[in-house]
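The values are calculated or read from the model by the stated rules, or taken from the named source; none is laboratory data. Every value quoted in this text rests on a predicted model; they were computed, and no experiment measured them. Cβ placement follows ideal geometry from the backbone for every residue including glycine, while neighbour counts extend to all protein chains displayed. All accessible areas refer to the heavy atoms of the entire protein, side chains included, with ligands and DNA or RNA removed. Shrake-Rupley method; radii C 1.70, N 1.55, O 1.52, S 1.80 Å.
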Amino acid sequence: MDNRSFDTFVKAVASGVNRRTLLKGLLGLGGTAVGASQFGEAHAARRPTPTPKPAKCPGVQALVNGVCTCPGSAPDKCGPDCCNPAGIGASHSECCDNACCYGVCYGEELCCPYPRVHCPADHVSRDLCCDEGSLCCGEGTATPFCVPDLPGACCADSDCPQVGTACGACVDNLCTVLPCGACQVCSNGECVGCELAGYGCCNSDDACVECCLSEQCGPYFDCDLYICEPCEVEGRVPCGEPPCIEGPGSRANCCCEACSSNADCPSCHACFDGACRRCDEMGLECYSGVCGECGSSEDCGPYFDCDLYTCLTCEEAGMASCGSAPCPSWSFNCCCDACAQDSECDYCEACSQGACVPCSEVGLQCAGAYGCGECRSSAECGPYYDCDLYICLTCEEAGMVPCGEPPCTGPDAGNNCCCPI
């Protein structure tokens, strides 16, 4: 209240003005205020109810069931932002102090953006963010450092490849070659003896090689030019069951020459399942350089015949079983020529049960060109029989009559008491 207002107030009080009227005047709440109050109430009665404003979500977030939600491509909410920690490369992002870091967040408001390289130390305060195209060396140590990722750049010896039998060494963060000595090879970054690294040193040439002999390879590999190659590479085929080394001159490691028939194989070998196999590997014997079951019929069973070094049944050999084992020397193993009648048999043989057998086998004698017979003279028949064409006939069958009493040895008696009619 300034001085003028204060003087007016004092005079009004002195003149006895009503204090309520006085206060309304001082506060501007007289008739005008009342009228304004009445106008405001009428205006408020005519004004419509305001429409509520819809809620808004920040950034790419969208309202879902009343909740601000991130899209599926960046599902992790990070303050007003949305991150995609499952992304790879440039699409990877992770939450870093309520904002997405498109790379690696390695401290408060510290983001190493892709494609720069995060180089972690043993403490976050020592972490580095290397420039693009750099390597991180000393990762996890107290003093990591970055080096340009140039050809041959390295942090340790283990980063350098083996070159032939030489090791690679990291010198001033560049790979160099560290040659190994005689009969040495690089193994796990160190030069060691050939044998310790699983190699061989052959022919005193001081070089480490994969193999010197096929025995040093797997069972179905050959050693060729000091390298273990599968049988097929050398035009051979796997054969037999390991181990396949059985003595001097035998093959090594179950690799055999490929074949299509026995003619493709060397002496004392046979073609089996496409491979030349030794006779003994197949349970056979070598006969004159040929693999077979037998050298003669005696090597087979009693009713088998040996044909082309193979045991065949009598029938398979085009013969017939005959006699009872053991068979006599006239036939090998009870196999005889097949027949239907005597005329199909050789001299001194008869056809018996479909087989040509010696005369003696059927109780007959050899009659030479006539085959088998009962007799060669009447004296070999009974007293009233006559021998005709090597067969004993009764006197009557021979066109004669019995005569005399045996023995009929008189000059007029017929043979064996058979006289002409």
With a sphere of radius 11 Å drawn around the Cβ of Asp307, what net charge do the other residues whose Cβ falls strictly inside it have (Lys, Arg +1; Asp, Glu -1)?
-3
May I ask you to rank Glu405, Glu281, Glu344 by accessible area, largest first, using a 1.4 Å probe over the protein chains only?
Glu405, Glu344, Glu281
Which value, in Å² rounded to 10, gives the accessible area of Tyr199 with a 1.4 Å probe and all protein chains present?
100 Å²
With a Cα-only, solvent-free Debye model of the stretch 259-305, what are the log10 I(q)/I(0) values at q = 0.15, 0.17 Å⁻¹?
-0.40, -0.49
Which semi-axes, in whole Å and largest first, does the equivalent ellipsoid of the stretch 129-220 have when worked out from the alpha carbon gyration tensor as the square roots of 5 times its eigenvalues?
36, 13, 11
If I ignore ligands, DNA and RNA and count only protein heavy atoms, how much of Cys419 is accessible to a 1.4 Å probe, in Å² to the nearest 10?
20 Å²
With every protein chain kept in place and a 1.4 Å probe, the residues Val104, Val209 fall, from largest accessible area down, as Val104, Val209
Principal axis box of the stretch 71-150, alpha-carbon based, largest edge first, Å
39, 26, 15
Using only alpha-carbon positions, what ratio does the radius of gyration of the stretch 254-399 give when scaled by 2.2 N^0.38 Å?
1.60
Leaving out ligands, DNA and RNA, and with a 1.4 Å probe, what % of the accessible surface on the stretch 238-376 is carbon or sulfur?
49 percent
How far is it, in nm, from the label point at Asp122 to the one at Thr394 when both lie 7 Å from their Cα along the line to the Cβ?
13.2 nm
Extension gain Glu298-Ser260, at 0.36 nm per residue separation less the Cα-Cα distance, in nm?
10.6 nm
Return the ratio Rg/(2.2 N^0.38 Å) for the stretch 140-285, where Rg is computed over Cα atoms only.
1.58
Taking the solvent-accessible surface of protein heavy atoms with a 1.4 Å probe, what is the per residue accessible area of the stretch 184-300 in Å²?
56 Å²
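Tell me, what are the semi-axes, in whole angstrom and largest first, of the equivalent ellipsoid of the stretch 172-230 as set by the roots of 5 times the Cα gyration tensor eigenvalues?
Largest first, the stretch 172-230 gives 26, 12, 9 Å.
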Rg ratio (alpha-carbon, reference 2.2 N^0.38 Å) - the stretch 329-390:
1.20
By how many nm would the segment from Cys212 to Ile227 lengthen if fully extended, with 0.36 nm per residue of separation less the alpha-carbon distance?
4.6 nm
Please calculate the 1.4 Å probe accessible area of Leu225, with all protein chains present, and give it to the nearest 10 Å².
140 Å²
